[in-house]
1. Cut-off under 24 Å on the C-alpha distance; same-chain residues fewer than 8 positions from LYS120 excluded. Which lysines are left, in chain and number order?
2. Output wanted: per-residue J couplings in Hz (rounded whole) for segment 87-97, from phi through Karplus 6.51 cos²θ - 1.76 cosθ + 1.60, θ = phi - 60°, x for Gly and Pro.
3. Using 0.36 nm per residue, how much length does the chain from SER156 to ARG34 gain when fully extended, once their Cα-Cα distance is taken away?
4. Could you work out the pair-distance distribution P(r) of segment 94-163 from its alpha-carbon pairs, with 10 angstrom bin width and percents rounded to whole numbers?
5. Based on other C-beta atoms within 10 Å, arrange GLU93, GLU63 from fewest to most.
6. Tell me, how many Å apart are the Cα centres for segment 1-34 and for segment 68-120?
7. Show me the ranking of peptides 106-117, 32-43, 154-165 by mean Cβ neighbours inside 10 Å, starting with the highest.
8. Seen from all sides and averaged, what is the projected area of the convex hull of the Cα atoms in segment 12-178, in nm²?
Amino acid sequence: MAERTVLKMGDPRLLQKSPPVDAFDTPALHALIRDMKHTMRALDGVGLAAPQIGVNLRVVVFEVDNSNDPELDAVPFTVLVNPEIVRLSDAMEEDWEGCLSLPDMNGLVPRFTSIRYTGKDQFGNLVDRRVSGFHARVVQHEVDHLDGILYPRRISDLTQFGFTAALFSDDADETQAAQ
Ligand code: NI
């Protein structure tokens, strides 16, 4: 298990559309997911996509530990391979996001409020959930990485994008965990 280097915005590998995984329960896939889990936790992230560690495959992991912020719904550690998202309504909401590929920055990003997501875990078992709020936001952010999209491209008002320390100098509670 190894903590991997997270690529930063500007690296062209973050802009590629990643191809699907075609073999499950393989040593290579298990090793990738172990490294992603370790890297995400080491950096206090709530999500990580394989392209962020330079592996262009459709694999994401996420986990929301709400012990420091009970307003968030906890999300168990989840592996999602070849994910698909369907929105359950057209409703969108804006909230602050961060990304491990843009450290120390945040932006106000509109996302669909409620989604259904499907995919496989590392063994090939079906994952199928209907979620809303922050859980839905994290999944949309991670799946965007698989299509080469970083959150600044989703921001509708670029005045609401900047360095965390400057944006929230008066309100430390507003910062959002990075993904
Ligand atoms: Ni991200």
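1. Straight-distance partners of LYS120: LYS17, LYS37.
2. Running phi through 6.51 cos²θ - 1.76 cosθ + 1.60 with θ = phi - 60° gives 6, 8, 7, 7, 5, 10, 9, 9, 7, 6, 10 Hz.
3. On the way: separation 122, 0.36 × 122 = 43.92 nm, distance 3.50 nm.
Separation in residues times 0.36 nm, less the Cα-Cα distance, equals 40.4 nm.
4. Calculated P(r), rounded to whole percents: 19, 47, 26, 7, 0.
5. On the way: GLU93 14, GLU63 18.
Fewest to most other Cβ atoms nearby, the residues stand as GLU93, GLU63.
6. Each part reduced to its Cα centre gives a spacing of 19 Å.
7. Result, highest mean Cβ count within 10 Å first: 106-117, 32-43, 154-165.
8. That works out to 9.4 nm², a quarter of the Cα hull's surface.
Where a number appears in this text, it was derived from the coordinates with a stated rule and is not lab data. Note that the coordinates shown come from a computational prediction; the quantities given were computed from them, not determined experimentally. Counting neighbours? That spans all protein chains shown, and the Cβs are built from the backbone with ideal geometry, glycine included.
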